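> There's a structure below that I have some questions on.
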């Protein structure tokens, strides 16, 4: 069986017992980073020497601070699902849930199934549709009408659905941006209220 230079190098610098000891106390990711090899080479070595491992994914300890911050930011500001985050950062679902919990990050999934939020969201969508029809707003190809002050923030800051759905709170943005901005707002609460009040004068 032919072996790659990386595999032969691994054979020369360590023993199966040493690698097994590393696997007993570290994730697979941590081990191949420590040994400075690819995951493919490590898995082949494990298979050839009939080694075992318990943790395939990275643990929270494996994540650098910058990636932890980015993961929180992704969860708060994008529509990435937990499964997509796990894939992006190569961590397991249990580790992700634990990470969100210890950092007091609100579970977006639980918020979205909140019946009060669902009812608020549906009402805003219905009112927005009425506003778009009333003002005969047209969307150019590749663009969509979106709320400057998000529906999510409107719900959590107790802003009336009609204000969130108002013409003053609508802007035309690219469809890609609309699907990735999540809870982000392009205006502040004060700017929203002031614009609505000004138009009412």
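None of the figures in this text is laboratory data; all of them are computed from the coordinates on show. The structure displayed is predicted, hence computed values, not measured ones. Cβ: placed from backbone, ideal geometry, glycine included. Neighbour counts: every protein chain shown.
> Regarding segment 5-49, what is the average projected area of its C-alpha convex hull, in nm²?
Taking the Cα atoms of segment 5-49, their convex hull projects to 2.7 nm² on average.
> Residue 183 label point, 7 Å along Cα→Cβ, cut-off 12 Å on backbone N: hits in segment 58-77?
Correct set: 72-77.
> Then there is this: Give me the angle, in degrees from 0 to 90, between the Cα long axis of helix 39-49 and the longest principal axis of the Cα atoms of the chain, rounded to the nearest 10.
Tilt of helix 39-49: around 40 degrees.
> So how tilted is helix 16-25 from the main axis of the chain? Cα-based, degrees 0 to 90, rounded to 10.
It is inclined by approximately 30 degrees.
> Okay, next question. To the nearest 10 degrees, how steeply does helix 189-200 sit against the main Cα axis of the chain, on a 0 to 90 scale?
20 degrees
> Same structure again: If each residue's Cβ is checked for other Cβ atoms within 10 Å, how do 195, 4 rank with the fewest at the top?
4, 195
> Working out 0.36 nm times the residue gap between residue 60 and residue 173, then minus their Cα-Cα distance, what length gain in nm do you get to one decimal?
Here the answer is 37.1 nm.
> When a footprinting reagent is the concern and you count Cβ atoms within 10 Å, what order do 33, 136, 101 take, fewest first?
By the 10 Å Cβ count, ascending, the order reads 136, 101, 33.
> Moving on. Just from its helices, what would the mean residue ellipticity at 222 nm be for the chain, if runs of 4 or more DSSP H residues each count -39500 (n - 2.57) and the sum is divided by every residue, rounded to the nearest 500 deg cm²/dmol? It would help to have the intermediate numbers written out before the result.
Numbers: 13 runs with 121 residues, N = 201.
After summing the helix terms and dividing by the residues of the chain, the value is -17000 deg cm²/dmol.
> Cut-off is 10 Å between beta-carbons; in what order do 66, 106 appear when sorted fewest neighbours first?
66, 106
> Write down Rg/Rh for segment 115-200, rounded to two decimals, with Rg from the C-alpha atoms and Rh from the Kirkwood relation over Cα pairs.
Values: Rg = 12.3 Å, Rh = 13.1 Å.
So for segment 115-200, dividing Rg by the Kirkwood Rh gives 0.94.
> If you don't mind, another one. Residue 8 versus residue 126, label points 7 Å from Cα toward the beta carbon: distance in nm?
Between residue 8 and residue 126, the label points sit 7.3 nm apart.
> Let me ask something additional. Using only the Cα atoms of the chain, what do you get for the radius of gyration and for Dmax, in Å?
Values for the chain (Cα only, Rg and Dmax): 24.8, 82 Å.
> Along its principal axes, what span do the Cα atoms of segment 56-151 show, with the longest given first and each in whole Å?
Cα spread of segment 56-151 along its principal axes, largest to smallest: 54, 32, 20 Å.
> A further question on this structure: Pick from 126, 12, 38 the residue whose mean-square fluctuation is largest in a GNM of the chain, springs joining Cα atoms under 10 Å.
Residue with maximal mean-square fluctuation among 126, 12, 38: 12.
> Report the normalised scattering of segment 63-107 as log10 I(q)/I(0) at q = 0.15 Å⁻¹, calculated by the Debye formula with identical scatterers on the alpha carbons.
At q = 0.15 Å⁻¹ the computed log10 ratios are -0.30.
> How much length, in nm to one decimal, is gained on full extension between residue 90 and residue 34, taken as 0.36 nm per residue of separation minus their Cα-Cα distance?
Working: separation 56, 0.36 × 56 = 20.16 nm, distance 1.64 nm.
Stretched fully, the residue 90-residue 34 segment lengthens by 18.5 nm.
> Mind checking which of 140, 77, 59 has the largest fluctuation in a GNM of the chain, springs on alpha carbons under 10 Å?
Looking only at 140, 77, 59, the biggest GNM fluctuation is shown by 140.
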